[in-house]
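A short reminder: the numbers here are calculations on the coordinates, not readings from a lab. The shown structure was predicted, so the numbers you read here are calculated from the model rather than taken from an experiment. Neighbour counts run over all protein chains shown; Cβ positions are idealised from the backbone, glycine included.
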Amino acid sequence: MLTLNTIKAQKGATHRVKRLGRGSGSGHGPTAGKGDKGQLQRSGGHVRPGFEGGQMPLFRRVPKRGFKNFMARTQATLNVRDLEKLDPASFKEVTLVTLREGRVIKGRYDRLTILGTGELTKAFIVKAHKVSPSAQEKIVKAGGKVELLPIPGAQPRAKKGAKSAAAKAAIK
């Protein structure tokens, strides 16, 4: 029966450890396979990855392209014609959350924008961050309501060394 304690490696699968710097008779004697002289032969001698011996390295020679703005905010954009396709019974309020739950928009968005392309005959309560004037006019004309949500901006930061109001209250 084959068990873990009876397993042996195939013949030729294992090799003896190469013993470096153990005399000329070992075949890896005086220089221990590092060659004669030079930076790589010295103890502690090495070069970082990408080093090309003082030549301008490849990662600096190749042109750089593009920029990824980590502060960018994504907007879900809907037209009035897209609202016309929705069922007013299931969408009493049109918000980012309800649109995502109703699978009208996919992905992660920070803001909702409503534009005025198309016609609207159904009444909706629209809660969006931005609404174009023409879209607002069409929504109100159809018997709906528009509520503008505040666009979250940069939060004020405490000055260096200053304690926050919560920290001051905790001390008292």
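Listing Leu115, Leu83 from fewest to most neighbouring C-beta atoms within 10 Å gives Leu115, Leu83. Across the stretch 17-33, coupling constants 3J(HN,Hα) worked out from phi with the 6.51/-1.76/1.60 Karplus curve, θ = phi - 60°, read 5, 6, 8, 8, x, 10, x, 5, x, 7, x, 10, x, x, 9, 6, x Hz, and Gly and Pro carry x.
The candidate values are (1) 98, 62, 51; (2) 49, 37, 36; (3) 61, 34, 29; the one derived from this structure for Cα extents along the principal axes in Å carries the label (1). Rounded to the nearest 20, the Cβ-based charge dipole of the chain about its Cα centre (Lys and Arg +1, Asp and Glu -1) stands at 1280 debye. At q = 0.10, 0.20 Å⁻¹ the log10 of I(q)/I(0) for the stretch 3-84 amounts to -0.69, -1.05, computed by Debye summation with a single uniform scatterer per C-alpha, solvent ignored. In order along the stretch 57-66, the phi-based Karplus estimate (6.51 cos²θ - 1.76 cosθ + 1.60, θ = phi - 60°) of 3J(HN,Hα) comes to x, 4, 5, 9, 7, 6, x, 9, 10, x Hz; Gly and Pro are listed as x. Fully extending the segment from Lys106 to Ser24, taken as 0.36 nm per residue of separation minus the present Cα-Cα distance, adds 22.5 nm. Label-to-label distance, Phe51 versus Thr31, with points set 7 angstrom from Cα along the beta-carbon direction: 1.9 nm.
When the charge dipole of the chain is built from unit charges on Cβ atoms (+1 for Lys and Arg, -1 for Asp and Glu) and taken about the Cα centre, the candidate among Gln39, Ala135, Ala72 whose Cα reaches farthest toward its positive end is Gln39.
The fewest-to-most ranking of Ile139, Ile125, Ile151 by surrounding Cβ atoms within 10 Å reads Ile151, Ile125, Ile139. Taking label positions 7 Å along the Cα-Cβ direction at both Arg60 and Leu115, the computed distance is 4.5 nm, reported to one decimal. Here the extension length gained between Arg16 and Lys122 equals 30.0 nm, from 0.36 nm per residue of separation less the Cα-Cα distance. Restricted to Cα atoms, the stretch 75-148 shows a radius of gyration and a Dmax of 10.8, 31 angstrom.
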